[in-house]
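Asker: The structure is given below, and queries will be raised subsequently.
Just so you know, all these numbers are worked out from the coordinates, no wet-lab data involved. Worth saying up front: this structure is predicted, and the values here are computed from it rather than measured. We place every Cβ from the backbone using ideal geometry, glycine too, and count neighbours over all the protein chains shown.
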Amino acid sequence: MEYTQAVIDHFQNPRNVGEIAEADGVGEVGNPSCGDMMRISIAVKDKKITDCKFKTLGCGAAIATSSIATEMARGMTLDEAMALTRDQVAEALGGLPPEKMHCSNLAADGLHAAVEDYYSKHPEAK
Ligand code: FES
């Protein structure tokens with residue numbers, strides 16, 4: 001199994017690890033087949049994500065995709081974050097081995113869940 005340099009870098013030096021205090025939205029997702037879990041928190045201002053952090057209990061690919069997804073999400077509008085796909089997350093890392101593609105699901109799904117949580121508290125923002 002071959003990982004790109006970007007995957008290795010984000011796994012060894014993950015960005016935006018942690019949790020935003022008093023986050024505006026929090027998403028928690030898990031992969032039932034492997035048991036990995038991810039929690040993504042966002043801060044939102046004027047319908048834009050101003051900060052994004054993650055905590056992941058999971059494999060290296062899950063950590064790397066969480067890290068890149070939080071970087072991509074920062075500065076995005078809520079609509080753009082909802083449109084971010086699993087493939088885009090994987091592509092931003094130069095791809096993932098086929099057997100690890102499912103790991104990128106968590107990052108995109110976790111971000112979407114955090115935005116949905118924000119919308120549930122601020123329906124007027126939709
Ligand atoms: Fe579970 Fe990667 S093996 S997310």
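Asker: Consider the range 83-94. How many of its residues are more than 21 Å from Q12 (Cβ to Cβ), surrounded by 15 or more Cβ atoms within 10 Å (Cβ to Cβ) and of a type in the set (A, V, I, L, M)?
Answerer: 1
Asker: Applying the selection to the range 77-109, what residues are more than 13 Å from the ligand (Cβ to nearest atom) and not in a loop (DSSP other than H, G, I, E, B)?
Answerer: Hits for the range 77-109 are T77, L78, D79, E80, A81, M82, A83, D87, Q88, E91, A92.
Asker: Given the condition over 13 Å from the mean Cα position of the chain (by Cα) and under 22 Å from E116 (Cα atoms), answer yes or no: does some residue in the range 48-55 qualify?
Answerer: Narrowing the range 48-55 to residues over 13 Å from the mean Cα position of the chain (by Cα): 48, 50.
Still in the running and under 22 Å from E116 (Cα atoms): 48, 50.
Yes, there is a match, as at least one residue in the range 48-55 is over 13 Å from the mean Cα position of the chain (by Cα) and under 22 Å from E116 (Cα atoms).
Asker: Which one of G60, G35 is within 16 Å of the ligand (Cβ to nearest atom) and without any contact (Cβ under 8 Å) to a residue 24 or more places away in the chain?
Answerer: G35 is the lone residue from the list that is within 16 Å of the ligand (Cβ to nearest atom) and without any contact (Cβ under 8 Å) to a residue 24 or more places away in the chain.
Asker: Regarding the range 103-118, can at least one residue be identified that is closer than 15 Å to N16 by Cβ, in contact with a helix residue (DSSP H, G or I) (Cβ under 7 Å, 6 or more places away or on another chain) and free of Cβ contacts under 8 Å to residues at least 40 places away in the same chain?
Answerer: Within the range 103-118 (the criterion being closer than 15 Å to N16 by Cβ, in contact with a helix residue (DSSP H, G or I) (Cβ under 7 Å, 6 or more places away or on another chain) and free of Cβ contacts under 8 Å to residues at least 40 places away in the same chain), the answer is no, since none of the residues qualifies.
Asker: For the range 44-53, does any single residue satisfy the condition of being charged (D, E, K, R), more than 13 Å from the ligand (Cβ to nearest atom) and farther than 19 Å from V26 by Cβ?
Answerer: Scanning the range 44-53 turns up at least one residue that is charged (D, E, K, R), more than 13 Å from the ligand (Cβ to nearest atom) and farther than 19 Å from V26 by Cβ.
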